[in-house]
Structures are given as structure tokens and as C-alpha cells.
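Taking it in order: structure first as C-alpha cells, then the write-up.
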Amino acid sequence: MDNTKQSQNSAEIIPEQMGYDTKFQFECHKGVKCFTKCCRGIDIMLTPYDILTMRKELGLTSEEFLAIYTDIHLLEKADLPIVTIKKLDDEEQSCPFVKDVEGCQIYPFRPTACRYYPLGVGSLSYASELNKGNDTNSDDAFFFMVKESHCLGFQEKKEWTVAEWREDQGVNIRDEINAGWTDLIVRKKTIPMSIKLSEKSKQMFFLVCYNIDKFRQFVFESTFLKRFNVDKVLLEEIRTDDVKLLKFGFDWLKSLLFKEGDIKFDQQQKV
């Protein structure tokens, strides 16, 4: 699954497969003449964990964050809703969080796609194996390079391996938390397009993955717990822990949409 920033600028996707030990030369900082250009004219896809952290740091509920800062699209081939940052209505269609001189105003909790740049993830098995808790430091994990025509970061002398870049940018923990979501998308992509999910199933996917506050209300304030068997210890954890609730939601969706996983539900009351 490609989680790169989709740019309207000219971008070259370097097709060579990159592994964890592959080296590349790149650095971005205020001294680079193209500073912040990569934050304009782009569609930045947000992962569930991105929304979870961004809404918290901005002091918003997930529903408020979604309404103010995002657009909703259907992901090609998967026919599932995804969320992107809503661009400003300016000439450059800028990210709302970027400033000309200072750069990203939310840098400590910036999205996963921004952290990966200029790398992209191109392996479907990477997400699936990560979701199963397996070691992804193998030949199955593959990354690629995105080079935009305006980017001068590749002229900088700083050298990295892919593993070093991922560690430096803090994507490892994000990939681990988002693995269940990515796995759901990968699974849906493997199903023939003729097999469609109901609109209600898509709404549930959106609720679980992007509106964590409303999902918690759904679990604890609806008939959910009368229909679904949830371990009591886990139930108390997801009451207050956003990450555990998110992972629980991914497992529930896998059971609901693909009839897999450990969460059992009443077949007479399917969503």
C-alpha cells in the first residue's frame, strides 16, 4: 500500500525496490531553497493514528477535527473511505498547517505520510505481516523513492539507510498501530470489485478508523456490548485508552467484514 503524499507537482517514482539497509542521500531543513514546497498542491492521506494524535494535540474531538481539517474520498480498488487533509483555498493549495518561513506548525505530531517522505511503502505483505506480529525486517518489506522536480533535499549530503530514516522520523510505532487498518484495506483490495460492501459497512469502517470518540460512544452507549462478546479486562482498557480502542476496532472490523478474528458476534444481528 502506497502511503506517500500524492502531489500535483511533477514527481518521479523510482521503481527500484529498497530494503531496510538501502542507503539514500536526503535532508530537509529551513536552509533548503525548496523548503515547504512539498507541503503544497498535495493530497496527504491521514491514518487512524494520525487523526487520533492530531485531534488530541489540537484540543478537538475527532468529529470536530474531521469537520474542520479533512476531506473524505473513496480509495480506488478498495472502495473504502479514506481521509486527507483539507487544503487551503489559496493559489498553491497549501496544507493548512504550513507557514512560509516557520514550516510545519504541527511538526511533532505531523502525519505518517509526511514522516515517510521521500519514501513510499510498496509492499502489500509488509502490512499483513506487521498486523500478524511477524518480523518485517525481511526481503518482503519494500520501499521506493519519490523524487519531485522541485525537491532539492536530494542534493544535501546527509546519508541514511531506510531503517535509519524510519527510526529518525518515528514511523515504526505508527506502522505498528496502523497495521490493522492497513491490513483491512489490503484484504478488501484482494476481493473482486464485483463484491461490494454495504453502505452501512463503509460507515462502520469510517467510524472505527477515523472517529475514535464516536466509536467509543457506540461501544459503551449503544447495544454493542449486548451483541458482541468482549473480554472484561479489554473492555476496561478500551474505555480510556485510545490506541487499544483503535486496535480493538480493527479486530472487530475484521470479524465483521471478513468473518475472521477472535471477536464473536450474534449472526442474527449483523451490522
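The values are calculated or read from the model by the stated rules, or taken from the named source; none is laboratory data. Keep in mind the model is a prediction, meaning the values are calculated, not measured. For neighbour counting, all protein chains shown are included, and Cβ atoms are generated from backbone atoms with ideal geometry for every residue, glycine included. With ligands, DNA and RNA removed, areas are computed over all heavy atoms of the protein, side chains included. Shrake-Rupley method; radii C 1.70, N 1.55, O 1.52, S 1.80 Å.
Table for the structure above
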read-out: Check on G120, at positive phi and either open to solvent by less than 10 Å² (accessible area, probe 1.4 Å) or more than 18 Å from the chain's Cα centre (by Cα) (or both); value: no
read-out: Residues of the stretch 79-107 satisfying the condition of being out of contact with any Leu (no Cβ under 9 Å at 6 or more places or on another chain) and small (G, A, S); value: G103
read-out: Subset of the stretch 217-260 (residues that are under 21 Å from I177 (Cα atoms), charged (D, E, K, R) and not in a helix (DSSP H, G or I)); value: D231, D241, E260
read-out: Some residue of the stretch 193-202 being of a type outside the set (D, E), assigned to a helix (DSSP H, G or I), touching a residue at least 24 places away in the same chain (Cβ under 8 Å) and farther than 22 Å from K259 by Cα; value: no
read-out: The stretch 68-117, subset part of a strand (DSSP E or B) and open to solvent by 20 Å² or more (accessible area, probe 1.4 Å), residue nearest to E167 (Cα to Cα); value: C104
read-out: Count of the stretch 170-181 residues which are part of a helix (DSSP H, G or I) and either open to solvent by less than 20 Å² (accessible area, probe 1.4 Å) or small (G, A, S) (or both); value: 8
read-out: Subset of the stretch 15-44 (residues that are in a strand (DSSP E or B), surrounded by 15 or more Cβ atoms within 10 Å (Cβ to Cβ) and modelled with pLDDT under 95); value: M18, R40, I42, D43
